[in-house]
Amino acid sequence: MSELKNYLNKSLTLVLYLWYSLIIMSKSISSEHILTDFINSKEWKQIRRIFLARIGTPCWVLNEFGEFVYNTPQDSRHCQLIKKLSRKRCEEEYLPSLIKEVETQKKPIISRCYGGFLGFAYPLIFHREPIGIIGGCQILDGSLKKEFYKERAGHLKITPEELYSMIMEAESISPNLLHGIIELTFLISQSFIDKITGEGYFFESEIERARILIAEAEELTIDTTQLDKEIIELEKGVWENEASLNEASLFEIETENEEKLDLRTKAFGEEAKRIEKEASNLKTQARELNEKAQELKTYAQKIESQVKKLEEQAVRLEAQAEELNFLYFIGMEITVLDDAEEILKLIVCKIQPFFDCSLATYLLLENNEIKVGGKRAYPISERLLQDIQMSLEKLWEEHQESATTQPMAGFSIIEEDETTTIQIEPAQEFNSSLNVILKDKGKIIGLLVVFSREENAFDSRTQRLLSFIADIASLAIGRITSGAPKHEVLLERDKLTQTYNFKYLKNYLSKTLDDNQPVSLIALELDNFREIKDRYGEAEGDRLLCMIVREMKKYIKERPNCIARAKNDRFIICLQGLNSTEALTIAHEFSEQIGKEEFFVEKNPGHPYKTTVYIGVLTYPQDNIKDKNKLLDYLEICLSKAKSKGVGQIEVY
C-alpha cells in the first residue's frame, strides 16, 4: 500500500510540475532586457534619424511601469508657453490619456494636444502585451487653419500675432503623412522586438515541451490490473487471520476491511479520472499553443514582406533624393559662370565621380572652333586620348547634317584629385559609353560623353540623369550666348546662407543712411565655431551657420532689414528705423535664445552641442560718430570689445 501511495504522490507532483512549467516558460524573457537591447540597437538609431529628418521632433521611450528609459526634451517656444499657462492639461491630462489609449488599443495612436500640436505614441509588444511605449510630440499640424490659433490665443491670454509667430517657427506636416511615417517606424520597432526575443521559435519549443509533459502524464494513468492485484493481496491477509479470531471479531474485521477496500478503490478511481482530465487539458493547451505559433509565423512573414517593400521604397527614395540634390547643386554652381567651356569643365568634374565612370568628356562648338576636354579617374596615355578625340569627332559628325569642317582643338584633361597611378593603354579600350547632345535655340552645339571599362555600366537611370544635366548646361550656355544679363541677386548673395555679401551691405548703407532716420547695426560672431567644425566636420559647421541665420530672421522679419555675411562666422544686421534701445533688446533676446538652444549633429543626433555669440550694437546718428562712412569700422571696434569681455557678451558703441 505504501508503494501505491508513493506512486500516486509522484503522479500528482508531475502534473503540478507540468502546469507550472508552462507558466514559467511564458515569462522567461525579461522585458527590461528587451528594452535595453532595443535602445542600444541600430534599428533605434535608424528610427530616431527618421523622426528628426521627416518630422523634426525628438522622442521618448517608456517602460511598462510608465518610467522614461529614453528621453531627449527640446521644447519649442510654443510648447514652453503651453506648459507654462496650462501645465495640468499637458502633463496630467494629454500625455497620460495618450499612453492609456495606446496600452488599450495596442496600436499606433496620433492625437492633438491643447495647444494644437500633433503627438504620437505606439507600443512595443511582446506576448501580445505592451512592454514599452515610443512617442513624441510638438509636431505642427499642417491641416489646421490660422483661425484655430486665433481662438487658442484667447484662451492663453496672448495676442494672435505672437502665438502665430511662434507656430511658424515649427516645421509642419500633414496628418496622413505623419501616420505613414509612424506606421513605418512601428513596423521596424516591432520587427526588431520579434528578432531579439525569438518569439516564433519560443512557441515551437514551448509546444514541444508541452507534448513531452503530456506523454509523461499519460504514462501515469492508473493500471487497473495492478490495483486488482493489491486488492487480492489485502483479501488474502484477511482470510489468513480468520482461524485465530472468533466469529464476532471475524465479522467486524471483515466488515472493516471491506469498507477500507471500498474507500481505497473509490479513491484510486477518482484519482485516475482526475489525472486523465489533466492530461486532456494539457493536450488542449498544446493544440492552442500550436495554433498560436502558426498565427505568429504567418504574422511574422507578413511583417517581413512589408518591411522588405518599405526598405526597397526607401532605397529608391534615397537614390532620387541624391539625384535631385546633385542636379540642384550643379544648377546653382553653373549659374554664376560666364564662360561656356568653364560650365562644361565644372560639369564633367562633377559627373565623373558621381557616375563612378572612367572618363567624363565634353565637346563644344564655340567661336567656330571645336573644343574637347574631360575629367579622368586615372592617368590615360596620349595615344588613347587621341583615339577618344577621334571617337568624339566621329560622334559629332553623326549628329550634324553634314560633316563639320571646323578645326578641333587638342584634348585637354582637367587635372584634379588624381588618386591612382593606373596607366590605360590604347589596347585596353572602354567597354561602355553614354552620350547626350547640347543644344542652343534648336541647334546642336556640343556633346557630353562618359566612358567606363565595365560592361553595361550605364543604365536607363544614368541616361535620364545625364539628359537632365545636358538640359541644365544648354540653358546656361544659351543665356551666355544670347547676351542676357545674369540675375543681379546671384552676385549679391552668399551661396551657403543666402544672406547678402559684405559688398552689397556697404552699398545698402550708402543708400539707407539718413540723418533724420535712425539706423541700427548689430554685428555677431560665434564663440566656438572653429571647435565645432574641427570636431563634427565642415558640413556640420555650414549647417550650424544656416540654422543661426534662420533664428536671426525670426527676430527681425517684421522690420525693414538687411542681413549680410561679413566673413566666415560673422554676420551684420542693418535695421532701419530702430533706436539703440530697441536694437539692444533684440540683441539680448537673440543672445539668450542661442545660449540655451541645443543643436543636434545631423549624422549623430544623440549628441547635442551648444554655442554662444558675441554681439556689438551701433545706432546712427549719435553725437560721437562724426563720419558715417566709417560705421562698419566703428562696429568692428565694438564687436572686438565684446569678445574681450568674454563668452556671450554684448557691447554698445
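Apply the Karplus curve 6.51 cos²θ - 1.76 cosθ + 1.60, θ = phi - 60°, to the phi angles in the stretch 348-361 and return the couplings in whole Hz, x for Gly and Pro.
Listing the rounded values in order: 5, 5, 7, 7, 4, x, 5, 7, 6, 9, 6, 8, 10, 10 Hz.
Can you compute the FRET efficiency between Tyr378 and Asp338 using 1/(1 + (r/R0)^6), with r the Cβ-Cβ distance and R0 = 56 Å? Round to the nearest 0.05.
Step by step, r from the Cβ atoms, then E = 0.95.
On full extension of the chain, what length is gained from Asn516 through Ser644, given 0.36 nm per residue of separation minus the C-alpha to C-alpha distance?
That pair, Asn516 and Ser644, stretches by 42.8 nm at full extension.
Given the peptides 186-195, 521-530, 543-552, arrange them by the average over their residues of other C-beta atoms within 10 Å, most packed first.
Going by the mean number of other Cβ atoms within 10 Å, highest first, we get 521-530, 186-195, 543-552.
Provide the net charge surrounding Arg464, with neighbours chosen by a C-beta distance below 15 Å and charges set as Lys +1, Arg +1, Asp -1, Glu -1.
The answer is -2.
How many nm separate the modelled label positions at Ser97 and Asp459, each set 7 Å beyond the Cα in the direction of the Cβ?
In this crude spin-label approximation the distance works out to 5.0 nm.
Got a sec? Which residues in the stretch 308-326 would a label at Ser41 touch, if it sits 7 Å along Cα→Cβ and we count backbone N under 18 Å?
Under cut-off, by backbone N: 308-312.
A 23 angstrom limit on the alpha carbon distance is what I want to check against. Which of Lys375/Lys441; Lys567/Lys641; Lys42/Lys533 exceed it? Show your work: numbers first, answer last.
On the way: Lys375/Lys441 27 Å; Lys567/Lys641 18 Å; Lys42/Lys533 26 Å.
Long pairs (Cα-Cα over 23 Å): Lys375/Lys441; Lys42/Lys533.
What residues from the stretch 587-608 fall in the zone where the backbone N is under 18 Å from a label point 7 Å along the Cα-to-C-beta line of Tyr508?
Inside the label zone: 587.
Past 28 Å, Cα to Cα, is the threshold; run Lys495/Lys645; Lys106/Lys277; Lys394/Lys439; Lys503/Lys643; Lys495/Lys610 against it and keep the listed order. Before the final figure, lay out the partial values.
On the way: Lys495/Lys645 32 Å; Lys106/Lys277 36 Å; Lys394/Lys439 18 Å; Lys503/Lys643 24 Å; Lys495/Lys610 25 Å.
The answer is Lys495/Lys645; Lys106/Lys277.
Can you work out the FRET efficiency for the pair Asn624 and Gln593, with r the C-beta to C-beta distance and R0 = 30 Å, to the nearest 0.05?
E between Asn624 and Gln593, to the nearest 0.05, is 0.50.
Note the full-extension length gain between Gln576 and Met547 as 0.36 nm times their separation in residues minus their Cα-Cα distance, in nm to one decimal.
8.1 nm
Give me the net charge of Arg48's neighbourhood, meaning all other residues with Cβ under 13 Å from the Cβ of Arg48; Lys, Arg count +1, Asp, Glu -1.
+3
Does the stretch 539-653 come out rounded, prolate or oblate, given a ≥ b ≥ c as the square roots of the eigenvalues of its C-alpha gyration tensor, rounded meaning a/c under 1.5 and, failing that, prolate meaning a/b above b/c?
The shape class here is prolate.
If you roll a 1.4 angstrom probe over the protein chains with everything in place, what fraction of the accessible area of the stretch 598-653 belongs to carbon and sulfur, to the nearest %?
So the carbon and sulfur contribution to the accessible surface is 46 percent.
Tally Lys and Arg at +1 and Asp and Glu at -1 over the other residues with C-beta under 14 Å from the C-beta of Gln649: what net charge comes out? Let's see the in-between values first.
Working: positive: Lys641, Lys643, Lys645; negative: Glu525, Asp527, Glu592, Glu651.
Here the count lands on -1.
Keeping to pairs on different chains or 8 or more places apart, tell me how many lysine pairs in the stretch 282-350 have Cα atoms under 19 Å apart.
Qualifying lysine pairs in the stretch 282-350: 4.
The values are calculated or read from the model by the stated rules, or taken from the named source; none is laboratory data. Keep in mind it's a predicted model, so treat the numbers as computed, not measured. Reconstructed Cβ throughout: ideal geometry from the backbone, glycine too, with neighbour counts over all protein chains shown. To get the accessible areas, we keep the full protein, side chains included, count just its heavy atoms, and leave off ligands, DNA and RNA. Shrake-Rupley method; radii C 1.70, N 1.55, O 1.52, S 1.80 Å.
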